[in-house]
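Peer 1: To start, I am sharing the structure in question, which I have written as structure tokens.
The values are calculated or read from the model by the stated rules, or taken from the named source; none is laboratory data. Everything numeric in this text was worked out from a predicted model, so none of it was measured. Here the Cβ positions follow ideal geometry from the backbone for every residue, glycine too, while neighbour counts run over all protein chains shown. The area values use the complete protein model at the heavy-atom level, side chains included, leaving out ligands, DNA and RNA. Shrake-Rupley method; radii C 1.70, N 1.55, O 1.52, S 1.80 Å.
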Amino acid sequence: MAALLLGAAMAVAALVAAPPAVTAETPWVSVDENGFVTFTISAEEAQSTFGDFSQIVAEGNFGPSANWAQWGLTRRGSNWTSVMGPLEPGLYYYQFTADDTKVVKDPTNPTSVASEPEWSTFFVPGDSAGLLADVPEGQGGAIETMTYRSTVTRGERSALVWTPPGYDAGRKEPYPVLYLQHGGGQGYRDWVEVGRAKQIFDNLTLRGEMEPMVVVMGDGNVPDFQKELLRNIVREARHDYNISHSPSEQALAGLSMGGFQALSTLFERPGEFAYVGSFAGSRDLPRVDAEKINEGTELLRLYTGNITDGAYNRTYRLMQQLDAAGIEYQFDGVNPDRGHNWNAWQENLIDFVPRLFRDAPDDGPSPGHLPLESEFTQPPAGTTPTPWITDDRFVTFETTTEFKDAQHVTVWGNWAPGGSWIRVEMSRVGDRWRATIGPLKPGFHHYRLIVDRVSTKDTSNPTRVTSEPTWSTFFIPGEEARLLADVPEGQGGTVETMTYHSTVAGAERTAYVWTPPGYDPDRAEPYPVFYLQHGGGQNYTDWIEMGRAKQILDNHFLDGNLEPMVVVMGNGNSSNFTRELLENIVPVSLERYNVSDDPARRALAGLSMGGGQTFTVLKTHPGEFAYIGTFSAGFGSATGVDAQAINDGTTLLKVYVGDPTDFVYPGFMSSLATMDQLGIDYVFDGPTPGPHGWDAWQKNLIDFAPLLFRQG
């Protein structure tokens, strides 16, 4: 896949250049046409940039609801690297951080954000982000800097001004004007550098969805915003641009702190601006003249993200107060997929601007937005077990008090795109740490706490993973995860332990065995048997504790999609797995269970290391297992392979791999060519969405198990 190097088409976002930390020969970040992002820093560059360190993360708006999260890089060879995605189309902002405290800007990316010197940005194109894309050169409006002297700060200050395509300074009819404010800790450049305001205005104008207007983006970091706005910003804008002085052709909007400032101006100076928008900004309603506000305001529209947005509860309280006071307003509804971030505010601006200085088509919420019916209240501190999961799939994590003196705590779980691992920062609340994330997709989730860079178990969660002592799990129900859910009690199969003496290990070993509902040990016809293997660093317990194998097999059986079979999940941690399988696991299974010894009624599959072991058995003992499945594993060496024997003895060979976030993806694709050259018959339906992880392997088992013992 062709890589699109960052920095192209980012001239507007690079209004302020930051000096690079080091000189790097290749980009640290690249994006392919499918939205997969590759982070790569050579070890030499990392050392010269960060000094001594133990970990590197890319921090950015990669988390659920587009909130800030940490994406870990892994040392592989001479590079620190990882692949994330596929990302939704849109603008992403990020920085690199080593050991929680050493923060640097990407020196290979020319984009910059003046208010956040360590940030860089990149854009992932796509239809859903069409309004955020650059318009063809020469067809958009212009961005200029307006400098003025402030009577509030008694110094020179600046604002950015967007003028529409074809702006005419001598036009007889002045242009309407929108004053657009930033949030706390930001600056007047943010709406252009991170908010994609120029692209939004350009695209809306070219589509005919926005009235020709001038937009002034001022600096709200002052002790008296209304004085700064009305005496300085507005006055200078009227002097420099052909804009209306009439309140009916003036609009004021802002995000977060800027939303607070816009509401305060409306409440305290009603009638100055006919159109007011608050993007995740709120305040309590003071004593006001509701009639005067209604008479002087053509539009008051409120916006908020989901419960991860700090403005969520405040917006609810303000709406209650506005209703009680009789003040007319519109509410865009709760955006269920966005938090307190630029992704939300870009959407707010896209919704708000077409409503200005014209008759809007409707006054309702945006499609898919939800009503705001109550405040979100977290459970009392110390409530166990955790995490707490809402009906709309938001999850709150809380630590015990044992980490009250920690400096940095994150929760790291499989909620990045495709099920990859990503970290979300937790906040100190009293003597505990908390974080709320979501909405998460239905499915099986696993996580661990990272306390001052140490992997730690959430001891408030009673679940456990034998092979990963610091992991905890939870399940979110939903139709798309139905096959991973528990079946009604008494209707599923049975999982038992099978203990045996290993002649390879010279010790007692254990396997899990699933028998189907109604399993009959005395049935005249032995059951077909499926040997299912785990991966490296795992054990026989993982397919049950992490792979949801019991739930998958139970649901498929009850749906009528599964041939009644016995499934044996053995311990593959062996110096010679082929011997362990053929001399121990298979014979003991034949002895203890009513299973077939006919190769045509036997299947073997495994993930990662287990997939490699499966390939080895296939190559060295072709025909021993008629059904073969490999999940995220390469074919390996072609030396001595008897392709004809494999084809003659194999009813089905189906191979699987994750998407480009699966680190074996390149080697796997190469191994397909090897099998093609050898003439081996196999089935490959394309990459499985997901990483080298359980989200993908669960999908593989869901697909593979119903294919067994039904062909030939």
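Peer 1: What is the ratio of the Cα radius of gyration of the stretch 385-543 to 2.2 N^0.38 Å, with N the residue count, to two decimals? The partial results should precede the final answer.
Peer 2: Values: Rg = 19.6 Å, N = 159, 2.2 N^0.38 = 15.1 Å.
Ratio of Rg to 2.2 N^0.38 Å for the stretch 385-543: 1.30.
Peer 1: Report the full-extension gain for the segment Lys457 to Asp685: residue separation times 0.36 nm, less the Cα-Cα distance, to one decimal in nm.
Peer 2: Answer, rounded to one decimal: 78.3 nm.
Peer 1: Then there is this: To two decimal places, what compactness ratio does the stretch 601-712 give when its Cα radius of gyration is scaled by 2.2 N^0.38 Å?
Peer 2: Details: Rg = 12.9 Å, N = 112, 2.2 N^0.38 = 13.2 Å.
It is 0.97.
Peer 1: Also, quick follow-up: Taking only Cα atoms, what is the 0 to 90° angle, nearest 10, from helix 694-704's long axis to the longest principal axis of the chain?
Peer 2: 50
Peer 1: Within the chain, how many Lys pairs sit with Cα atoms under 18 Å apart, leaving out pairs fewer than 8 places apart on the same chain?
Peer 2: 5
Peer 1: Please compute the Cα-Cα pair-distance distribution of the stretch 122-181 with 5 Å bins starting at 0, giving whole percents from short to long.
Peer 2: Percent of pairs per bin, in order: 4, 12, 15, 18, 18, 14, 9, 6, 2, 0.
Peer 1: Moving on to the next point. Where in the stretch 365-391 does the amide nitrogen come within less than 18 Å of the point 7 Å from the Cα of Glu328, taken along Cα to Cβ?
Peer 2: Of the residues in the stretch 365-391, 365 have backbone N under 18 Å from the label point off Glu328.
Peer 1: Something else about it: How big is the stretch 162-204 on each of its three principal axes, counting only the C-alpha atoms and giving the largest first in Å?
Peer 2: Projected onto its principal axes, the Cα set of the stretch 162-204 covers 39, 19, 13 Å.
Peer 1: A further question on this structure: Hey, what do the phi angles of the stretch 29-41 turn into as Karplus ³J(HN,Hα) couplings, whole Hz, using 6.51/-1.76/1.60 and θ = phi - 60°, x for Gly and Pro?
Peer 2: Coupling constants for the stretch 29-41: 9, 9, 10, 8, 5, 9, x, 8, 10, 10, 9, 9, 10 Hz.
Peer 1: Share of Cα-Cα pairs in the stretch 524-628 beyond 16 Å, in percent?
Peer 2: Across the stretch 524-628, Cα pairs with separations above 16 Å total 57 percent.
Peer 1: For Cα pairs less than 8 Å apart in space and 6+ apart in sequence, what is the mean separation divided by the residue count of the chain, i.e. the relative contact order in percent?
Peer 2: Relative CO of the chain lands at 8 percent.
Peer 1: For Gly658, enumerate residues with amide H under 5 Å from its amide H, sequence gap 5+ or separate chain, H modeled in the peptide plane.
Peer 2: Hits under the 5 Å cutoff: Ser632, Thr688.
Peer 1: I would also like to ask the following. In Å³ and rounded to a whole number, note down the convex hull volume per residue for the Cα atoms of the chain.
Peer 2: 189
Peer 1: Using only alpha-carbon positions, what ratio does the radius of gyration of the stretch 549-597 give when scaled by 2.2 N^0.38 Å?
Peer 2: 1.38
Peer 1: While we're looking at this one, here's another question. Quick check on packing: order 512-519, 283-290 by the mean number of other C-beta atoms within 10 Å, highest mean leading.
Peer 2: 512-519, 283-290
Peer 1: Checking the a/c ratio against 1.5 first, then a/b against b/c, what shape does the Cα gyration tensor give for the stretch 437-506?
Peer 2: Oblate is the answer for the stretch 437-506, as a/c is 1.5 or above yet b/c matches or exceeds a/b.
Peer 1: Shape verdict for the stretch 139-258, please, from the Cα gyration tensor: rounded (a/c under 1.5), prolate (a/b greater than b/c) or oblate.
Peer 2: Judged from the Cα gyration tensor, the stretch 139-258 comes out oblate (a/c at least 1.5, b/c at or above a/b).
Peer 1: Further question on the same structure: Using the alpha carbon gyration tensor of the stretch 246-314, what are the three equivalent-ellipsoid semi-axes (square root of 5 times each eigenvalue), largest first, in whole Å?
Peer 2: 21, 13, 9
Peer 1: Still on this structure, please answer the following. For Trp68, Trp412, Trp433, write out the residues from largest to smallest accessible area, computed with a 1.4 angstrom probe and no ligands counted.
Peer 2: Trp68, Trp412, Trp433
Peer 1: Protein chains only, probe 1.4 Å: how do Glu298, Glu45 rank by accessible area, largest first? Display every interim value, and only then the final one.
Peer 2: Numbers: Glu298 130, Glu45 25 Å².
Listed by decreasing accessible area, they come as Glu298, Glu45.
Peer 1: Still on this structure, I have one more. Per residue of the stretch 199-211, in order, report the coupling 6.51 cos²θ - 1.76 cosθ + 1.60 (Karplus, θ = phi - 60°) as ³J(HN,Hα) in whole Hz, putting x for Gly and Pro.
Peer 2: Once rounded to whole Hz, the list reads 4, 4, 5, 4, 5, 4, 5, 5, 8, x, 9, 9, 5.
Peer 1: A further question follows. Counting only residues 5 or more places away or on other chains, whose amide H sits under 5 Å from the amide H of Leu252 once H atoms are built in the peptide plane?
Peer 2: Counting only residues 5 or more places away or on other chains, the set is Tyr179, Tyr275, Val276, Gly277.
Peer 1: Considering amide H positions built from the backbone, and no H for Pro or chain starts, which residues 5 or more places from Phe62, or on another chain, come under 5 Å of its amide H?
Peer 2: Close amide H contacts, sequence-distant or interchain: Ala69.
Peer 1: Quick one: how many Å² of Ser671 are accessible to a 1.4 Å probe, rounded to 10?
Peer 2: 10
Peer 1: Enumerate the residues in the stretch 531-558 having an amide nitrogen under 11 Å from the point lying 7 Å beyond the Cα of Ala505 toward its Cβ.
Peer 2: 539-541
Peer 1: Suppose we keep just the alpha-carbon trace of the stretch 311-436; what are its Rg and Dmax in angstrom?
Peer 2: Using the Cα atoms of the stretch 311-436, the pair Rg, Dmax is 18.4, 58 Å.
Peer 1: Something else: What is the antiparallel percent of DSSP beta bridges lying wholly in the chain, to the nearest 5?
Peer 2: Bridges in the chain are about 65 percent antiparallel.
Peer 1: Can I ask one more? Quick one: 3J(HN,Hα) in Hz for the stretch 541-556, Karplus 6.51/-1.76/1.60 with θ = phi - 60°, rounded, Gly and Pro as x.
Peer 2: Result, rounded to whole Hz: 6, 5, 5, 8, 6, 10, x, 6, 4, 4, 5, 4, 5, 4, 5, 4.
Peer 1: Using only the alpha carbons, work out the radius of gyration and Dmax of the stretch 204-341 in angstrom.
Peer 2: For the stretch 204-341, the Cα-based Rg and Dmax read 15.2, 43 Å.
Peer 1: Right, next: Can you classify the stretch 64-152 as rounded, prolate or oblate using the Cα gyration tensor, where a ≥ b ≥ c are the square roots of its eigenvalues, rounded means a/c under 1.5, and otherwise it's prolate if a/b beats b/c and oblate if not?
Peer 2: oblate
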